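The values are calculated or read from the model by the stated rules, or taken from the named source; none is laboratory data. For clarity, every value in this text was computed on a predicted model and none was experimentally measured. As a convention, Cβ positions derive from the backbone with ideal geometry for all residues, glycine included, and neighbour counts pool all protein chains shown. Calculation scope for accessible area: heavy atoms of the full protein, side chains included, ligands and nucleic acids excluded. Shrake-Rupley method; radii C 1.70, N 1.55, O 1.52, S 1.80 Å.
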Amino acid sequence: AEKLGHIAYSNFIKDCYSDLDVVNQFDTEIYQYVGDGVVLTWQQVNVQSIEQCIDAFWAYMEKLSSKASYYDGRYGVIPEFKAGMSLGMVTVVEIGEFKKEIAYHGNTLNTASRIVALCNIYGEKLLISRKIYDEISLEDSNYVFCKVTDTQLRGKKGLTEIFSVHPANG
């Protein structure tokens, strides 16, 4: 934002969000845009395998990579995104008296948020919780998983196991 200026940065983010359309093929729901980030969710009944959620992330990375020359030429910067994923129940409620909004609450969102914050520390683009890892059929996977750490996430009791995810072919 400092480098591009307010208007160019806003257009940059708008273009990145427009390119997010690639995740629609993975039954993804965009819950919320948060600054320069996006919260994606999946209804478990719509997900055929947990890898579908991971596929959505890497499909977006591929789309941004394929448009690197566009972003570099227009903005002088190529977008990079990181993600943290966890699995569990989320409560959906309508909140607000004067301005109503649908809000998602729960431990799952908090955990994913804390995990994405670890991406920079560990130099990873995608980190997942043990709950996600346990749902993956490793024999049939298109990904390589590596345990990164057991960590005490802020606001959580006990340790959370964190794994990195990389495409098996790259």
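Of all residues being open to solvent by less than 20 Å² (accessible area, probe 1.4 Å) and either in contact with a Phe, Trp or Tyr (Cβ under 6 Å, 6 or more places away or on another chain) or of a type in the set (A, V, I, L, M) (or both) in the range 120-135, which is modelled with the lowest pLDDT? Just the residue, please. Checked the range 120-135; the qualifying residue modelled with the lowest pLDDT is I132. Being of a type in the set (D, E) and over 24 Å from A117 (Cβ atoms) is not true of D55. Counting only strands (runs of 3 or more DSSP E) that sit completely within the range 54-139, those holding 3 or more residues that are of a type in the set (A, V, I, L, M, F, W, C) correspond to 91-95, 126-129.
The residue pairs whose first member lies in the range 97-117 and is more than 17 Å from R130 (Cα to Cα), whose second member is surrounded by 14 or more Cβ atoms within 10 Å (Cβ to Cβ) and aromatic (F, W, Y), and whose beta carbons are closer than 7 Å, counting only pairs six or more residues apart or on different chains, are Y104/Y31.
Could you please give the count of residues in the range 27-60 that are open to solvent by 30 Å² or more (accessible area, probe 1.4 Å) and either of a type in the set (F, W, Y) or in contact with a His (Cβ under 9 Å, 6 or more places away or on another chain) (or both)? Here the count works out to 4. Which members of the range 19-59 meet the condition of being in contact with a strand residue (DSSP E or B) (Cβ under 8 Å, 6 or more places away or on another chain) and under 17 Å from G106 (Cβ atoms)? Correct list: E29, Y31, Q32, V39, L40, T41, W42, Q43, C53. Does at least one position in the range 103-112 carry a residue that is crowded, with 16+ Cβ neighbours inside 10 Å and under 27 Å from D15 (Cβ atoms)? Scanning the range 103-112 turns up at least one residue that is crowded, with 16+ Cβ neighbours inside 10 Å and under 27 Å from D15 (Cβ atoms). Among the residues of the range 1-53, the one identified as in a helix (DSSP H, G or I), of a type in the set (F, W, Y) and within 17 Å of L87 (Cα to Cα) is F26. Entry remark, the range 136-166: residues being closer than 24 Å to Y60 by Cβ, surrounded by 15 or more Cβ atoms within 10 Å (Cβ to Cβ) and either within 17 Å of the chain's Cα centre (by Cα) or not hydroxyl-bearing (S, T, Y) (or both) number 8 in total.
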